[in-house]
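Asks: Here's a structure for you.
Computed from the coordinates by the stated procedures, all read-outs in this text should not be read as laboratory data. Everything numeric in this text was worked out from a predicted model, so none of it was measured. Here the Cβ positions follow ideal geometry from the backbone for every residue, glycine too, while neighbour counts run over all protein chains shown.
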Amino acid sequence: MRHLKQIMLFVMVGSLLTITSCSKSDDGGGGGSAASGTLVANVGGASFQSMEISSSATLANAGGITNLVIIASNSDGNAFAITIFGYTGEGTYDISGASLEGVTASYTETDVNLSNPQASTTEIWQAPYDDTKVGSISVSEETDSNVKGTFSFKCKNVNGDGSIKDVIEGSFDLSKQSI
């Protein structure tokens, strides 16, 4: 009877350790709050939600290396472009300028002047903008036709006023195509 109790205790402790050792970050985290076909984020305190018709994820194979390209825009002329170079599937990818491989991200605001279209302006905030880690993107689910995940990063207006924008609470649930 004593051996049975020891075996049961060992099984319960082993099960507990197995369950608690797994974490969401191992598989790319949760899927976020984006509705199907959209990308959402908080950009410097303002809400962004893309339109389904102008949002997509593309797997592009270039010379044996797979890249994931996410493009999403809204009706206000604002847009995200995120590229994971050397994409290998579900998981978390750092946005850092410390290496030539990795992730690049940008947020764009376009102000269209309808009375004088040539006077329209576009500002682009880019990440990474130096050698530090400025954020990450996590792909939590990928199917043959869809990709979901979350992201957050800091980006800098490198060709404008040098301002920094915090992009937080970002998530996407996008149709996927392969080329």
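Asks: What is the Cα radius of gyration of region 60-179 over 2.2 N^0.38 Å, N being its residue count?
Replies: 1.13
Asks: Can you give the % of DSSP beta bridges in region 29-178 that are antiparallel, to the nearest 5?
Replies: 95
Asks: For region 53-148, which GluC sites (Glu not before Pro) are in a loop by DSSP, counting at most 13 other Cβ atoms within 10 Å?
Replies: Within region 53-148, the qualifying GluC sites (Glu not before Pro) (loop, at most 13 other Cβ atoms within 10 Å) are E101.
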